[in-house]
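Here the structure comes first, spelled out in structure tokens, and everything after it is commentary.
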Amino acid sequence: MVEILNVSNLSTAFQSDYGSKQALKNISFKINEGEVLALVGESGSGKTVTSLSIMGLLPNNAYIQEGNINLIDKKNNQVNILKLTDDKHNLIRGNDISMVFQEPMTCLNPTMTIGDQIVEVILNHKKISKTKAVKEMIDLLGLVEIPDPTQRAREYPHQLSGGMRQRVMISIALACTPKLIIADEPTSALDVTIQAQLLQLLMKLKNSIVSKTSILFITHDLGIVRELADRVIVMYHGEIVEEGQVKEVFDNPKHSYTRNLIQSLPEFKLEERKLTKKDDNKQTKVDDNEIILKIENLFKEFPVEKGFFKESNETVKAVQNISLNVKKNEVLGLVGESGSGKSTLGKSIIKLLQPSRGQIYFNNENISEYSNKQMIKIRQKMQMIFQDPFASLNPRKNILDTLIEPILVHNLMKKNEAINYIKEIINDVGLPIESLRRFPHEFSGGQRQRIGIARALVLKPEFIVADEPVSALDVSIQAQVLNLLEKLKKTYNLTMIFISHDLSVIEFFCDKVAVMYLGHIVEIAPVSKLFNSPKHSYTRALLSAVPKVKGKNKEKILIKGDIPSPINPPSGCVFRTRCPNPGIDCKGGNIEMGLIEVEPGHWVDQCCVNCN
Amino acid sequence: MNFFIKKLLIVIPTLYIAWTVVFVTLNIIPGDPVNLMLGGRPASDEVRENVRKNLGLDKPVFERYTSFLINATKGDLGKSYLTRQPVTTMIKENMMPTIELSIGGLIFGVFFGVFFGIFAGTKPNSMRDTFSMIIALCGISLPSFWIGMMLIYIFGTTLGWVPIVGEGFVSLILPSITVGLFFAGGMARLTRSSLVDVLNQDYIRTARSKGISKYRIVLRHSLRNAMIPPVTLLGIQFGLLITGAVITEEVFARPGLGQLLLQAILAKDIPLVQALVVYMTAVYIFLNLIVDFTYGIIDPRIRLERNRG
């Protein structure tokens, strides 16, 4: 094994007005030629700081206290990166070491064509003519499987989807065939199916044209580590707590933090639950007879902004003809990729958005045509938990004011009664009473979400729509919040719609799942049925796309391309353009959307029932 | 292009409102144009009545208002009370010096504004940042008549580097600086803050990860992205070119629209004031149209929105 990068005793700190804070504490590791090394840890563990230290891209307030980073460059010279001037470092950046960043949406210059952005790095490091560089650029775009490269090269980043942009980033990183590519959470901002496409592409490239290139893969997703990496380093609070071959670390974690990290994954918690046989009485009994929420043929369409004078006749078809029932004490999961309409559906149900058509019955009361004023009473019974706990709390109100407001608005209690009541609730969500006087910015992400949950609970609702309540949180915090929600569900006797893009969270938490695609529900079934015998091709692809830590990696069902625009969805079955095995009728768009019951309680879109 | 047609359609009501406001104000404020014309000389009622009739001032206010409008649509903006010349001719005669001054001020202002903006923004919170921003603050806060006089005193009288009066390019330097300094101040501050913002963006980090030199990062990757706010400010500040011209032309005793406007207001020469205001409004709108157009050149995302709209 040839060692290409050796990090030894690296310490990095951040300087702020409050003193300096150490981000990396004396870490050492090495990367061998051609290997994929994964760097895992939760936010704040120092993964990104490590990569930026290697790249020499630390922000101005960060500095390296001590250590060495030795690189064997392309000419086989050993260089200590930390001793280089910025100009000298520029010869290495993009040439010997390149980087793929997390946010494909903001990582490319919006005012330069993607072609120019790739050509730039080629011309910067290779002494070749512009025409030759352009040719290389087109080849690169082909390599990362961007269709129609000559045309795409002339486009700007905003004209490309997130997945496409990340392909462009990969081609920039590949351009000079570097010794090392640092990939910092390259797929975290993307949907699972797109993530699966990209990871597959990355491995394909790794095994063909750049087989000698090493990859330092930074991620919080243990599933990806299991699938891709040869070796793994686990970081915690700026220190390396465990290092070893992937299989070894996962099967037999030495450090308690690693063990914890793995065990807080929903897939493990699920297993744990099965083992302890709690599964049967895990939830409060779902009352089969009492339907709390009933939706019939619900549509939500947004007009496309067309400007000042012209009324638009195009609409974004966000929610299309959705009918479903939620029984008392049931948790219905809504799962789908971004743009599938799951959040819009959630908001339409509690009428934060006025549905375009269709009926909503809440406790047998048709609320679909209720005005905002009429909704005020109903809203006591229907609440929402939002995804971004920070953005959804007013930064200038302390927690007490935030929580007491709805009680006073609805005139439920006197002020001092309300304060006592809120103290109970804040205790229920696992926060100390003192938090009431503090402001949102003083809490961590997990604590803020607890506040968000408390806010939803103060009115003692019967029904809650939780919109991605744990997606912004780290795995271990996610597990805590999910446990809390599970507990509260029982104590407060809640019925819930739980929206998430994360299938393992859904599997852990819900009783019934509806899979959404382009505004339609394509499959709806009890959790165990959906996960064990999915019927719709999209559900299958979605399930197989999730990288799993446990179990063997089954052959992935990859679906091609991006989600079509909801302004002009495909005719007939909306999934037909990406379906891995479409039938003839289905390809022609001759089959209308509509659910058919294949087993009791298991409904699948008719197109896929006919095709298979 | 739909976008620009819409913008052009807005010009007409804007001009109409500007016109009306000027008409109403000039008719409300006290003072009789006839008296001003006679310059305080005694005159019989008959003469006064005659002058009044000649100027069309005997007609009721409303009729004067509508007849102006009707004539204006035919392209006739009326005749000056004072000189009896068509106002359009007077504007044409005085236009060139003001245009020269404005362009000079604009070039000076944009150049120095962007220069100091980059100088400061590429190294925020440094000595050179503070230095540049103090200069910018001076540019904004020092009144232009004072700057004009100081420039005349230092460079004209004491050092004798540039002529104070006269024609041609050299005589344009000091007035241009006077007009441009105010521009430069605002431009510098906004370019700085916008550049600081852009330099913290993810795509700049991407550019750095490619190993590109810092000059290229500023010039090729940052500047264009940072230009939207300064260009917007430029559009807003075009109005200042006009007020700037009024003061600067007075200080440097240059002929031009500013001088003309000042005299017209003092003489209550309603048709001339109206024509000047309408003319300046039109120029202002036109320049802002160019600014809108520039947005599209700067940022392809704005181009896209327009093509959709």
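Figures for the structure shown
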item	result
Lone qualifier among A:ILE128, A:ILE122, A:ILE138 - being more than 8 Å from chain B (Cβ to nearest Cβ), open to solvent by less than 60 Å² (accessible area, probe 1.4 Å), of a type in the set (Val, Ile, Thr) and assigned to a loop (DSSP other than H, G, I, E, B)	A:ILE128
Residues of the stretch A:191-211 classified as farther than 22 Å from A:ALA153 by Cα, touching a residue at least 60 places away in the same chain (Cβ under 8 Å) and of a type outside the set (Lys, Arg), total	8
Count - residues of the stretch A:322-345 that are surrounded by fewer than 18 Cβ atoms within 10 Å (Cβ to Cβ) and assigned to a loop (DSSP other than H, G, I, E, B)	1
Test: B:LEU77 is of a type outside the set (S, T, N, Q), within 27 Å of the chain's Cα centre (by Cα) and not in a helix (DSSP H, G or I)	yes
Lone unmet requirement of (1) within 13 Å of chain B (Cβ to nearest Cβ); (2) closer than 29 Å to B:ILE298 by Cα; (3) surrounded by 19 or more Cβ atoms within 10 Å (Cβ to Cβ) for A:GLU155	(3)
Candidates A:LYS30, A:LYS25, A:LYS75, filtered to the one that is open to solvent by 60 Å² or more (accessible area, probe 1.4 Å), over 23 Å from B:LEU199 (Cα atoms) and out of contact with any strand residue (DSSP E or B) (no Cβ under 6 Å at 6 or more places or on another chain)	A:LYS75
Residue that is touching a residue at least 12 places away in the same chain (Cβ under 8 Å) and outside any helix (DSSP H, G or I), where the choices are A:TYR361, A:TYR421	A:TYR361
Qualifying position, being over 30 Å from A:ILE292 (Cα atoms) and surrounded by 15 or more Cβ atoms within 10 Å (Cβ to Cβ), among A:ASP474, A:ASP467, A:ASP428	A:ASP474
Residue check for A:GLU145: open to solvent by 60 Å² or more (accessible area, probe 1.4 Å), within 14 Å of another protein chain (Cβ to nearest Cβ) and not in a helix (DSSP H, G or I)	no
Criterion violated by B:TYR279 - all others in (1) within 14 Å of chain A (Cβ to nearest Cβ); (2) open to solvent by 40 Å² or more (accessible area, probe 1.4 Å) satisfied	(1)
Residue ID - most open to solvent (accessible area, probe 1.4 Å), chosen from residues in the stretch A:93-119 that are more than 7 Å from chain B (Cβ to nearest Cβ) and aliphatic (A, V, I, L, M)	A:MET105
Candidate set: the stretch B:140-154, residues that are over 12 Å from B:VAL179 (Cβ atoms), assigned to a helix (DSSP H, G or I) and of a type outside the set (Ser, Thr, Tyr); chosen: the one farthest from the chain's Cα centre (by Cα)	B:ILE154
Condition met for B:VAL24 (among the aliphatic types (A, V, I, L, M), touching a strand residue (DSSP E or B) at 6+ places or on another chain (Cβ under 7 Å) and either open to solvent by less than 90 Å² (accessible area, probe 1.4 Å) or more than 14 Å from B:ALA267 (Cβ to Cβ) (or both))	no
Helices (runs of 4 or more DSSP H) lying entirely in the stretch B:158-241 (those with 1 or more residues that are farther than 23 Å from A:TYR156 by Cα)	B:173-199
Single residue of A:ILE172, A:ILE182 found to be within 11 Å of chain B (Cβ to nearest Cβ), touching a Leu at 6+ places or on another chain (Cβ under 6 Å) and under 23 Å from A:ILE97 (Cα atoms)	A:ILE182
Among residues of the stretch B:252-264, those that are open to solvent by 20 Å² or more (accessible area, probe 1.4 Å) and over 18 Å from the mean Cα position of the chain (by Cα), counted	2
Criterion: more than 14 Å from chain B (Cβ to nearest Cβ), touching a Leu at 6+ places or on another chain (Cβ under 6 Å) and outside any loop (DSSP other than H, G, I, E, B) - qualifying residue of A:LEU37, A:LEU82	A:LEU37
Matching residues in the stretch A:291-306 - criterion: being modelled with pLDDT under 85 and either within 30 Å of the chain's Cα centre (by Cα) or part of a strand (DSSP E or B) (or both)	A:PRO303, A:VAL304, A:GLU305
Subset of the stretch B:284-305 [open to solvent by less than 50 Å² (accessible area, probe 1.4 Å) and without any contact (Cβ under 8 Å) to a residue 60 or more places away in the chain]	B:LEU287, B:ASN288, B:GLY296, B:PRO300, B:ILE302
Matching residues, the stretch B:200-249, being of a type in the set (Lys, Arg), closer than 30 Å to B:GLY104 by Cα and without any contact (Cβ under 8 Å) to a residue 24 or more places away in the chain	B:ARG216, B:ARG220
Answer from A:SER348, A:SER368 - the residue that is in a loop (DSSP other than H, G, I, E, B), touching a strand residue (DSSP E or B) at 6+ places or on another chain (Cβ under 6 Å) and open to solvent by less than 10 Å² (accessible area, probe 1.4 Å)	A:SER368
Matching helices (runs of 4 or more DSSP H) fully within the stretch A:494-612 where at least 2 residues are out of contact with any helix residue (DSSP H, G or I) (no Cβ under 7 Å at 6 or more places or on another chain) and open to solvent by 10 Å² or more (accessible area, probe 1.4 Å)	A:527-532, A:537-545, A:584-587, A:606-611
Filter result for the condition that a residue is part of a loop (DSSP other than H, G, I, E, B) and under 20 Å from the mean Cα position of the chain (by Cα), over A:SER476, A:SER471	A:SER471
Residue in the stretch B:242-254 that is farther than 30 Å from B:ASP32 by Cβ, out of contact with any Pro (no Cβ under 6 Å at 6 or more places or on another chain) and not polar (S, T, N, Q) present	yes
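For (1) within 23 Å of B:GLY235 (Cα to Cα); (2) touching a Phe, Trp or Tyr at 6+ places or on another chain (Cβ under 6 Å); (3) without any contact (Cβ under 8 Å) to a residue 12 or more places away in the chain, each residue gets a yes or a no:
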residue	(1), (2), (3)
B:MET150	no, no, yes
B:GLY156	no, no, no
B:LEU159	no, no, yes
B:VAL162	no, yes, no
B:VAL165	no, no, no
B:PHE169	no, no, yes
B:PRO175	yes, yes, no
B:LEU181	yes, no, no
B:ALA188	yes, yes, no
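Conditions (1) among the small types (Gly, Ala, Ser); (2) crowded, with 23+ Cβ neighbours inside 10 Å; (3) within 13 Å of another protein chain (Cβ to nearest Cβ), marked per residue:
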residue	(1), (2), (3)
B:PHE182	no, yes, no
B:ALA188	yes, yes, no
B:THR191	no, yes, no
B:ASN225	no, no, yes
B:LEU234	no, yes, no
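The values are calculated or read from the model by the stated rules, or taken from the named source; none is laboratory data. Quick caveat: nothing in here was measured; it's all calculated off a predicted structure. Positions of Cβ are generated from backbone atoms using ideal geometry, with glycine treated the same way; all protein chains shown enter the neighbour counts. What goes into the accessible areas is simple: the full protein's heavy atoms, side chains included, and nothing from ligands, DNA or RNA. Shrake-Rupley method; radii C 1.70, N 1.55, O 1.52, S 1.80 Å.
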